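The values are calculated or read from the model by the stated rules, or taken from the named source; none is laboratory data. Model, not experiment: these values are computed from the prediction. Cβ placement follows ideal geometry from the backbone for every residue including glycine, while neighbour counts extend to all protein chains displayed.
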Amino acid sequence: MTVAAASGPLSGIKVLDLTAMLAGPFTTMLLADLGADVVKVEPPSGDRTRGLGPHRVGDDPEQALGGYFQSVNRGKRSIVLDLKSEAGAAEFLQLVRVADVVVENFSAGVMERLGLSYEALAGVNPRLVYAALRGFGDARSGKSPYEAWPAFDIVAQAMGGFAGITGPLGGPPLKSGPGIGDIFPGTLLALGVAAAVRHAERTGEGQFVDVAMYDAVLALCERIVYQHSYLGIVPRPMGNGHPLLAPFDIMQTLDGWIAVAAPSNNHWKILAEAMERPDLVDDPRFVDNAARLANIAEVRQLLGEWLAGQPTAAVVAALGGRVPIGPVNDAADIFNDEHVRLREMLVEVEQPGSDTPVTIAGTPIKFSSTPSGVRGRGPKLGEDDASAILDEWSASTLSPDPTDSPATDGDDSDG
């Protein structure tokens, strides 16, 4: 498979991607978008998400890539190796010798049983950055009592604290719409890989990089930690409000929903004037954020009654650029928003077997000197040749001997 030439800041970094599902592939997707040469190493059956869809009506079922797989595996190459076989493991080790990074999200112990542990790979290539993403981390960084538990996004959201503070006020816990229990850990692992590669380039020393999905979600929910420590409270679902800022809500308009955040006195003044209620500016109940927070029910009633009589577009026209507000967009709204076109956040890629491309989300990280971005579609299973990649990588490696440097199965995957 031909992938567009890389111009991103990670151009030249060679990544062996053993990940499957969402969390790990999101990590390597980010690395590919940033210019790394990512080779997806798949078992003969392929990444399980290849069969999950969704599939577009009319596409060739023998060639087309489903949306789930295409979205987070764009810009990668694919080889098939059976790591359970002696020959497959040996071929993988040859690639490890000339790689910069290995990323995996197998359950704990899988790589050890294959004879491909971090220690084994580091023995082959001491400069190697080995990145692992699991539900509860790796014992090398701190052994969790849940180490052997499998985990998916929803488990991380539940145990990491996100679900416990999400949902209607006084109501049951809810998961988020997107798979943040996968995507945020995957993002943090990409950051860890970039940092470790920088260290390896400077010192010649590789290392083990470990992100637990539970830990990542807890870090995302950092507010509940200091609330419990400082105040002794156990935060619960807050609805669309905020425990420290007011107003800070998603509220209903005449024809939709809108986010309104006006905790500063200046923004509150502009909002009150737009509501034709200038008396609210100096009202002792609403004079500052602390007062508004103490009287949040009245704030929501006043603001909610006004918004309920206004079309969303009228509120945006009146307050856009003056008060932090924004309409609640659905996918159709986003596809029609000029912002995403100008920022290249909707990207068309080839769909194998079709002349009509499909659209996936673009990359939000922009660089002035080393442009990043989607470099092509996802790969078909085994579309690339391991021997050819070994030759290519070997030729591009300035120090084939790392010590001379100057400076399995998808069902076992977490996330």
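From the list Gly115, Gly123, Gly142, exactly one residue is in the same structural domain as Lys366 (by TED's automatic domain parsing), assigned to a helix (DSSP H, G or I), at pLDDT 95 or above and surrounded by fewer than 17 Cβ atoms within 10 Å (Cβ to Cβ). Which is it?
Gly123
Would it be correct to say that Val349 is closer than 30 Å to Arg377 by Cα, touching a strand residue (DSSP E or B) at 6+ places or on another chain (Cβ under 8 Å) and either among the β-branched types (Val, Ile, Thr) or buried (at least 18 other Cβ atoms within 10 Å of the Cβ) (or both)?
When the stated conditions are applied, Val349 passes them.
Of all residues in the stretch 173-189 being surrounded by 24 or more Cβ atoms within 10 Å (Cβ to Cβ) and out of contact with any strand residue (DSSP E or B) (no Cβ under 7 Å at 6 or more places or on another chain), which is farthest from Pro150 (Cα to Cα)?
Phe184
Out of (1) assigned to a strand (DSSP E or B); (2) closer than 21 Å to Asp182 by Cα, the odd one out for Ser78 is which?
(2)
Looking at the stretch 287-301, I want the residues that are hydrophobic (A, V, I, L, M, F, W, C) and have a partner that is part of a helix (DSSP H, G or I) with Cβ atoms under 7 Å, at least 6 apart or on another chain. Which pairs are those?
Pairs that qualify, where the first residue is hydrophobic (A, V, I, L, M, F, W, C) and the partner is part of a helix (DSSP H, G or I), are Val299/Arg292.
So how many residues does the stretch 292-315 have that are assigned to a helix (DSSP H, G or I) and farther than 19 Å from Asn240 by Cα?
The total comes to 2.
Table: residues versus (1) of a type in the set (A, V, I, L, M); (2) more than 30 Å from Ala274 (Cβ to Cβ); (3) under 31 Å from the mean Cα position of the chain (by Cα); (4) exposed (fewer than 13 other Cβ atoms within 10 Å of the Cβ).
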| site | (1), (2), (3), (4) |
| --- | --- |
| Ala291 | yes, no, no, no |
| Gly304 | no, no, no, no |
| Ala317 | yes, no, no, yes |
| Gly320 | no, no, yes, no |
| Asp330 | no, no, yes, yes |
| Leu342 | yes, no, yes, yes |
| Ser369 | no, yes, yes, yes |
| Trp393 | no, yes, yes, no |
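Would you mind stating whether Pro243 is at pLDDT below 95 and either out of contact with any His (no Cβ under 7 Å at 6 or more places or on another chain) or farther than 30 Å from Ala290 by Cα (or both)?
Yes: the conditions hold for Pro243.
Counting just the residues of the stretch 250-291 that are in a strand (DSSP E or B) and of a type in the set (Val, Ile, Thr), which one comes out nearest to Thr166 (Cα to Cα)?
Taking the stretch 250-291 first, the residues in a strand (DSSP E or B) are 250-252, 257-261.
Cutting the leftovers down to of a type in the set (Val, Ile, Thr) gives us 250, 258, 260.
Working: Ile250: 14, Ile258: 18, Val260: 18 Å.
Filtering first and then ranking leaves Ile250.
Can you run down the residue pairs with Cβ atoms below 6 Å, 6 or more apart or on separate chains, where the first is in the stretch 342-368 and within 19 Å of Leu10 (Cβ to Cβ) and in the same structural domain as His55 (by TED's automatic domain parsing) and the partner is in a strand (DSSP E or B) and not charged (D, E, K, R)?
Val347/Ile360; Gly362/Val347
Can you spot a residue in the stretch 41-64 that is buried (at least 19 other Cβ atoms within 10 Å of the Cβ), in contact with a Lys or Arg (Cβ under 8 Å, 6 or more places away or on another chain) and over 21 Å from Leu95 (Cα atoms)?
Yes, the stretch 41-64 contains a residue that is buried (at least 19 other Cβ atoms within 10 Å of the Cβ), in contact with a Lys or Arg (Cβ under 8 Å, 6 or more places away or on another chain) and over 21 Å from Leu95 (Cα atoms).
Looking at the structure I just gave you, is Ala132 at pLDDT 95 or above, in contact with a helix residue (DSSP H, G or I) (Cβ under 9 Å, 6 or more places away or on another chain), within 19 Å of Gly186 (Cα to Cα) and not in a loop (DSSP other than H, G, I, E, B)?
Answer is yes for this residue.
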